[in-house]
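What follows draws every value from the coordinates through simple rules; no lab data is involved. Just so you know, these numbers come straight off a predicted model, no measurement behind them. For neighbour counting, all protein chains shown are included, and Cβ atoms are generated from backbone atoms with ideal geometry for every residue, glycine included.
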Amino acid sequence: MAPSVSHIGQPRNRVDGRLKVTGAARYAAEYQANELLHGYVVVSTIAAGRIVAIDTREARAMPGVVQIFTHLDRQGVSWWDRDWQDDTAPPGHPFRPLHSDRILYDGQPIALVIAESFEAARNAADVVHVLYEVAPHQTDIHAAEADQYEPPKKREGVPPPPEPRGDLDQALAEAAFRVDAEYEQPSEHHNPMELFASTVIYEENDKLTIYDKTQGSQNAQQFVSAVFDLDDVKVVNAYVGGAFGSGLRPRYQLFLAVMAALKLKRSVRLELSRREMFYLSYRPITLQKLSIGADSNGKLLALKHHAVQATSLFEDYQEAVVNWSGLAYQCDNAAFSYTLSQVNTDTPGDMRAPGAATGVFALETAMDELSYAAGIDPLELRLRNYAERDQNMDKEFTSKALRECYAEGAEHFGWSKRQPTPRSMHDGKELVGYGMASGFWDAQVNKAEAKVRLLADGSVEVLTAASDIGTGTYTILAQIAAEAFEIPIDRVKVSIGASDLPTSPVEGGSWMAASVGSAVHLAAEAIKTKLIHRANRHHEAFLPIASADLCVEAGMVKKTDGTGPTISVAELMQAAQWDAVEETGKAGPDMLQMQKYISYTHSAVFVEVRVDEQLGVARVKRIVSAIAAGKILNPKTARSQILGGVVMGVGMAMHEEGLFDHGTGRIMNHNLAEYHVPANADIEDIEVIFVDEHDDKVNPIGVKGLGEIGIVGVAAAIGNAIYHATGKRLRTLPFTIDKIIS
Amino acid sequence: MMRFSYSRPQTIAEAAAALAADPSAQVIAGGTNLVDLMKYDVTRPGTVIDINGLDLRGIAVDGEGTLHLGALAANADTAYHPDVESGWPLLSSAILAAASAQLRNAATNGGNILQRTRCYYFYDPSTPCNKRRPGSGCGALNGVNRIHAILGESPDCIATHPSDMAVALAALDAVVRVEGPAGERQIPFDDFHRLPGDRPDLDNTMERGEIVTAISVRPQKFGQHHTYLKLRDRQSYAFALVSVAAAIRLEGDTIDELRVALGGVAHKPWRRKDVEGEFAGRPATRQTFEAFAAALLEGATGHGQNDFKLDLAPAPSSVPLSRHTPVPRRISPQRWCSDGPLGFSHRPAPQPRRR
Ligand SMILES: Cc1cc2nc3c(=O)[nH]c(=O)nc-3n(C[C@H](O)[C@H](O)[C@H](O)COP(=O)(O)OP(=O)(O)OC[C@H]3O[C@@H](n4cnc5c(N)ncnc54)[C@H](O)[C@@H]3O)c2cc1C
Ligand code: SF4
């Protein structure tokens, strides 16, 4: 075997990088099949009402058209909501495509054209004529706010608002400094590069192999099996071109493609267009109210945080928006509330750091406002209120190196050069502003299994149904296995992204590396134990040695202290006539630990903006993001995660907004020319710092996950910097030029 | 996408005849706009006439110093052409402020000035739009109109013309050469695009069957005193909220000639030659330019979401001029690559690149 090598903590290239850049990695819409049919979806153009008639005659007559499905030819599908509820569904009645004539939101799928080619399907879709009966709709949360309600049933995995504590009113009344402000965030729309697509390969007896764009092959598999009552379904998502939460739930193209394949007994591909991406799963429109009171030293006395978020007419989608305010800073008097307002849209969905990106924006802007009110440096204010304990849960942190984030971030950024007064820093014709914010996200472990197989030639296979949505799961799993067996990374074969592999949770919540990584680690350790036992029991030289004194190192079973007999793993396996040694590792939350401890990732974000004083043009010149996330498995893929999160944060701060025409209930900028995300020119300098954070409690590998933390706090830090530059406080995202000059 | 027939004529006359003969025919050049419009089902040409076989790619300066840009010359080739960079840098920087490198490689000069508005409603066949479907109403008027016009609009249409290049061409008093069944014509740039009035379906004054063959620009005498400034929602790859092509000639401290065209505010590049005339001979001071901006924007009205343009437009209409006075900045014009936030960033011009 190869000499001892270290993999964990090394900046490794992605093991699948070459496949991706050469196009060899295939995505859901790239699989072929014999006589593959193609679908194109027709969506509603009204936001509420009912379909009176759908005229498909012209479309049916077009060349290449095979079938057009509408609500009139609904299939024999499950009646029960629970069959439609996937692992990540919020409470309510999941949307059922083509279920009835009712229109609940604009962009709702109302017909599916199936044709011999994509072009023919699209061609026909344009001439499906629909007659509607229009009913009143509401897409304006300001108008819907009056009807806000507390969701009666809580969404699984989302903590409800924390219990109130202390005496809020009294504390607010006694405060030397107060901030009372309202914040607003528009809808933000999922636009990963890969569009939602399903290629359903049909075989006899309704055996289906489905290539689906999803963050969880098993979640999708269970959904299809339950809804269509099938027992031979396999879902594959070997490569996923970004998802950011949009692929947690099965999307309607999956249902429609399966429905068509079963009906026509042929393989079907359905890929949504960019336009349809704006009509499904989005970061919900949110209004927030915050009141903060502090004493004359800036110590928080009171904090009140309320949020109202948009949801659909049929499900109570929920996020943890206000909870962060209860754990971010030490504050003994606090109250939190969270409500929903129904609008005529699809159910919102998780989008990178759901809840935190939104709630922390408000909290960290309000903290900045407090810093100016109290005349205390924003960073100093946060240090004075540093939370040593999670007051929401009354638990200790497994680790919290946020202080180190503040210190190292400030140092790299040059925070000490900040002049306290707004509008006091200039460079030529530009005003210069410094702003900062903190970020928080959960560090969770979810139930996960991984099978590891050590082969006779010393190479290793890792198998689990985990997904790699572009984050680097393939790579870090290979690193963990390579580290365990001290072999080069290319001796590890990682098989993920299929529903028939060992159980893995959906890829989300930043728990993948911690959960599946731990499972791989545990499986590898179990293999080593098995090898030790084998040597211990079957090889004479080892008989007298206690197994606890043995280890597997560099391909040899030997004594931990280096003395005595050794045997190579290869020899051992040969003697045992083992082709392979295989073990399954199971990771999950440590319930005992969780009674006492809770775990979060943290960040400190520092931003410099420049604002042209005459023209009002603002640009984000520099961002330093300092992250505490336990052990960093691979600084290279880790940095990419944070860079991506920060860029998305710039988009949230400066660009992203669904422009609703409330008159029609339609989002008008439904393409990437008009729905703006940052372009290269908007991103100048970003520095990512990982501070040391040792955590032996969070999970066996000390890893906290990085998928979401990068975006949290960025929008607030940018807004705070704009305030410092201009003296203008912006509380409504995004900070476009009209708001800056107003 | 609808089925269509396709033809690729080899001469201008053939192309013009084909276009005149079939009212449902449309010309395709770079295709960066037309193909999108077809995909979105905004337009359904019965025939697509591909003019890429025509010999209209040249870029040349004639004996009198006039620049002739072939209708099929790519935007990128035009912007990076040495003659254009040295003689008409305002045009270069306006072109480079537009779209993305890939789009500029494919986009042609003719297609650029003929590109359709970016009004959201125009692009969405499920909404009313007088420009797309005459008589159906204007969705933008009481809708999402953040990017819409504040000048010269009509109750029937408040769309803007999206081209950056056209704004510079307007300031440079370009001439559009067209050829049709009735022969050749030269259309002064100011007369080329229309205000919407009650015919918003017509973007310009071309006749059925006419094809743009070239755009001509006379030599300009503004030295270093010109700017293309574009304010937009992100720093590249976004259409202008307000843009300005400004050129000024000074006699000492007095304005000799002033030309300012605004983009993003009207159905065509917005120029007021009468106002420019009034300001000739005035002192080149900040006050003068502010007064000029006010006069240029006279009558501007907002429609709700675009009200901010009333506040946004004055600064770019005057600031670039002020920035040329009293001592003009000595920056080589090629380096005014307008991909910077202000159109003033001193980034080196990117190397010419194409496909
Ligand atoms: C995402 C995106 C962002 C963009 N951003 C900008 C921007 O910021 N600023 C900007 O200015 N532009 C921008 N553009 C627009 C781009 O500049 C135009 O699409 C391009 O210039 C059109 O040129 P083309 O040759 O591709 O035209 P085509 O798409 O081929 O044609 C456009 C129209 O002109 C007609 N036509 C073309 N040539 C002739 C001719 N010679 N005679 C008669 N009719 C003709 C066609 O029939 C069609 O109606 C952007 C485009 C996109 C897609
Ligand atoms: S502004 Fe013009 S293009 Fe836009 S909807 Fe109205 S008529 Fe159509």
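Pairs of alpha-carbon atoms within less than 8 angstrom and 6+ residues apart define the contacts here; what relative contact order does region B:226-322 have, in percent?
Numbers: 166 pairs, mean separation 24.3, N = 97.
Reported relative contact order: 25 percent.
Restricting attention to the alpha-carbon atoms of region B:17-156, what are Rg (one decimal) and Dmax (integer), both in Å?
Final numbers for Rg and Dmax: 17.5, 52 Å.
Under unit Cβ charges (Lys, Arg +1; Asp, Glu -1), what dipole magnitude, rounded to 20 debye, does region B:226-322 have relative to its Cα centre? Write down the numbers at each step before the final one.
Working: 12 positive and 12 negative charges, 84 e Å.
With only Lys, Arg, Asp and Glu charged at Cβ, the dipole is about 400 debye.
Would you list A:Trp84, A:Trp578 from fewest to most Cβ contacts within 10 Å? Kindly include the intermediate steps, with their values, before the conclusion.
Values: A:Trp84 20, A:Trp578 17.
Ranking A:Trp84, A:Trp578 by Cβ neighbours within 10 Å, fewest first, gives A:Trp578, A:Trp84.
With springs connecting C-alpha atoms under 10 Å apart, model chain B as a Gaussian network and identify which of B:Pro196, B:Pro316, B:Pro45 has the largest mean-square fluctuation.
Per the Cα network of chain B with a 10 Å cutoff, B:Pro45 tops the list.
Excluding A:Lys207 itself, what net charge comes from residues whose Cβ is under 12 Å from its Cβ, given Lys and Arg +1 and Asp and Glu -1?
On the way: positive: A:Lys234, A:Lys265; negative: A:Glu203, A:Glu204, A:Asp206, A:Asp231, A:Asp232.
Neighbourhood net charge equals -3.
Which value, in debye to the nearest 20, describes the size of the charge dipole of region A:521-617 about its Cα centre when Lys and Arg Cβ atoms bear +1, Asp and Glu Cβ atoms bear -1, and nothing else is charged? Could the numbers behind the result be given before it?
Values: 9 positive and 13 negative charges, 91 e Å.
Rounded to the nearest 20 debye, it is 440 debye.
Full extension from A:Ala181 to A:Asp73: what is 0.36 nm times the residue separation minus their Cα-Cα distance, to one decimal in nm?
Result: 33.7 nm gained on full extension.
Where nothing but the Cβ of Lys and Arg (+1) and of Asp and Glu (-1) is charged, how large is the charge dipole of the protein assembly as shown around its Cα centre, in debye to the nearest 20? Please report the intermediate quantities before stating the final value.
On the way: 110 positive and 135 negative charges, 289 e Å.
The calculated dipole for the protein assembly as shown is roughly 1380 debye.
Provide the gained length on full extension for the span A:Asp229 to A:Ala548, in nm with one decimal, where the gain is 0.36 nm per separating residue minus the Cα-Cα distance.
Values: separation 319, 0.36 × 319 = 114.84 nm, distance 5.01 nm.
Gain on stretching A:Asp229 to A:Ala548: 109.8 nm.
Could you give the nm distance between label points at A:Ala570 and A:Glu540, where each point is 7 Å from its Cα heading toward the beta carbon?
The two pseudo-label positions are separated by 2.4 nm.
Give the residue from A:Gln253, B:Leu141, A:Ser504 lying farthest towards the positive end of the charge dipole for the protein assembly as shown; charges sit on Cβ (+1 for Lys and Arg, -1 for Asp and Glu) and the dipole is referred to the Cα centre.
Final value for the positive-end residue is B:Leu141.
Around A:Asp169, with a cut-off of 14 angstrom between Cβ atoms, what is the net charge of the other residues, counting Lys and Arg +1 and Asp and Glu -1?
On the way: positive: A:Arg165, A:Arg178, A:Lys304; negative: A:Asp167, A:Glu174, A:Asp180, A:Asp332.
Neighbourhood net charge equals -1.
How far is it, in nm, from the label point at A:Gln419 to the one at B:Ser136 when both lie 7 Å from their Cα along the line to the Cβ?
Here the answer is 5.6 nm between the modelled labels.
Whole-Hz ³J(HN,Hα) for each residue in region A:142-155, computed from phi via Karplus 6.51 cos²θ - 1.76 cosθ + 1.60 with θ = phi - 60°, x for glycine and proline: what do you get?
Result, ordered by residue: 5, 6, 6, 4, 4, 9, 5, 9, 7, x, x, 10, 7, 6 Hz.
Using the Cα atoms of region B:226-322 to build a convex hull, what is its mean projected area in square nanometres? Present the calculation step by step, with values, prior to reporting the outcome.
On the way: hull surface 24.5 nm².
Seen from a random direction, the Cα hull of region B:226-322 projects 6.1 nm² on average.
Please check which bits of region A:601-633 a label hung off A:His694 would reach, taking the label as a point 7 Å along Cα-to-C-beta and the cut-off as backbone N under 15 Å.
Within reach of a label on A:His694, which here means backbone N under 15 Å from a point 7 Å along Cα→Cβ, region A:601-633 contributes A:630-632.
Can you give the Rg and Dmax of the protein assembly as shown based on its C-alpha atoms, in angstrom?
When restricted to the Cα atoms of the protein assembly as shown, Rg and Dmax are 31.7, 108 Å.
Can you pull the three principal axis extents for the Cα set of region B:16-93, in Å, largest first?
42, 27, 17
Report the gain in length on full extension from A:Lys559 to A:Thr503: 0.36 nm times residue separation, minus Cα-Cα distance, nm rounded to one decimal. Provide the component values of the computation, followed by the final result.
Details: separation 56, 0.36 × 56 = 20.16 nm, distance 3.49 nm.
The span from A:Lys559 to A:Thr503 would gain 16.7 nm if fully extended.
Of B:His81, B:Ala94, B:Phe122, which is farthest along the charge dipole of region B:1-156 in the positive direction, counting Lys and Arg as +1 and Asp and Glu as -1 at C-beta?
Of the candidates, B:Phe122 comes out farthest on the positive side.
Go ahead and collect, in residue order, the members of region A:281-307 whose backbone nitrogen is under 16 Å from a label point 7 Å along the Cα-Cβ direction of A:His99.
A:281
What is the order of A:Tyr202, A:Tyr211, fewest Cβ neighbours within 10 Å to most? Don't skip to the end; give the middle numbers.
On the way: A:Tyr202 23, A:Tyr211 28.
Neighbour counts put them in this order, fewest first: A:Tyr202, A:Tyr211.
Please report the relative contact order for chain A, taking Cα pairs under 8 Å with a sequence separation of at least 6, and give it as a percent rounded to a whole number.
On the way: 1905 pairs, mean separation 126.5, N = 742.
Reported as a whole number, the value is 17 percent.
Scan region A:1-72 for GluC sites (Glu not before Pro) in coil per DSSP, keeping those whose Cβ has at most 12 other Cβ atoms within 10 Å, and list them by number.
Values: sites: A:Glu30, A:Glu35, A:Glu58; in loops: A:Glu35.
Answer in residue order: A:Glu35.
Along the charge dipole of region A:74-224, which of A:Ala220, A:Gly166, A:His129 sits closest to the positive end, that is, farthest toward it, with unit charges on the beta carbon of Lys, Arg, Asp and Glu (+1, +1, -1, -1)?
The Cα lying farthest towards the positive end belongs to A:Ala220.
Distance check, please: which entries in A:Lys621/B:Lys230; A:Lys530/A:Lys558; A:Lys304/A:Lys697; B:Lys268/B:Lys309; A:Lys429/B:Lys268 exceed 22 angstrom between their Cα atoms?
Details: A:Lys621/B:Lys230 19 Å; A:Lys530/A:Lys558 13 Å; A:Lys304/A:Lys697 32 Å; B:Lys268/B:Lys309 16 Å; A:Lys429/B:Lys268 31 Å.
With Cα atoms farther than 22 Å apart: A:Lys304/A:Lys697; A:Lys429/B:Lys268.
For a Förster distance of 41 Å, can you work out the FRET efficiency between the beta-carbons of A:Ala143 and A:Ala173, rounded to the nearest 0.05? Don't skip to the end; give the middle numbers.
Values: r = 33 Å, r/R0 = 0.81.
Computed FRET efficiency for A:Ala143 and A:Ala173: 0.80.
Quick check of the Kirkwood formula: for chain B, what is the inverse mean of 1/r over all pairs of different Cα atoms, in Å? Could the numbers behind the result be given before it?
Numbers: mean 1/r = 0.0486 Å⁻¹.
Computed over chain B, the radius equals 20.6 Å.
Can you list the lysines whose alpha carbon sits under 28 Å from that of A:Lys234, skipping same-chain ones fewer than 8 residues off?
Straight-line reach from A:Lys234, under 28 Å: A:Lys20, A:Lys207, A:Lys213, A:Lys263, A:Lys265, A:Lys447, A:Lys451, A:Lys493, A:Lys586.
Around B:Ser163, what is the net charge, scoring Lys/Arg as +1 and Asp/Glu as -1 over all other residues with Cβ under 13 Å from its Cβ? Numbers along the way, then the final one.
Numbers: positive: B:Arg104, B:Arg116, B:Arg118, B:Lys230, B:Lys268; negative: B:Asp164, B:Asp203.
Net local charge, B:Ser163 excluded: +3.
How would you rank A:Asp368, B:Asp191, going from fewest to most other Cβ atoms within 10 Å of each one's own Cβ? Numbers along the way, then the final one.
Working: A:Asp368 25, B:Asp191 12.
The fewest-first ordering by Cβ neighbours comes to B:Asp191, A:Asp368.
Sketch the reach of a paramagnetic label on A:Gln593 as a point 7 Å from Cα along Cα-to-Cβ, and name the residues of region A:431-449 whose backbone nitrogen lies under 15 Å away.
Under 15 Å, as judged by backbone N against the label point of A:Gln593, lie A:443-448 of region A:431-449.
Return the loop-located trypsin sites (Lys or Arg not before Pro) in region A:188-287 (DSSP other than H, G, I, E, B) with at most 12 other Cβ atoms within 10 Å of their own Cβ; answer none if there are none.
Numbers: sites: A:Lys207, A:Lys213, A:Lys234, A:Arg251, A:Lys263, A:Lys265, A:Arg266, A:Arg269, A:Arg274, A:Arg275; in loops: A:Lys213, A:Arg251, A:Lys265, A:Arg266.
When the trypsin sites (Lys or Arg not before Pro) of region A:188-287 are filtered for loop state and at most 12 Cβ neighbours within 10 Å, A:Lys265 remain.
Can you give me the distance in nm between label points at B:Glu14 and B:Gln102, each placed 7 Å from the Cα along the Cα-to-Cβ direction?
For the pair B:Glu14/B:Gln102, the computed spacing is 3.2 nm.
Based on the Cβ-Cβ distance from A:Arg50 to B:Asp173, what FRET efficiency comes out when R0 is 51 Å, to the nearest 0.05? Don't skip to the answer; put the middle values down first.
On the way: r = 57 Å, r/R0 = 1.12.
About 0.35, to the nearest 0.05.
Can you compute the FRET efficiency between A:Glu461 and B:Asp62 using 1/(1 + (r/R0)^6), with r the Cβ-Cβ distance and R0 = 56 Å? Round to the nearest 0.05.
Working: r = 72 Å, r/R0 = 1.28.
About 0.20, to the nearest 0.05.
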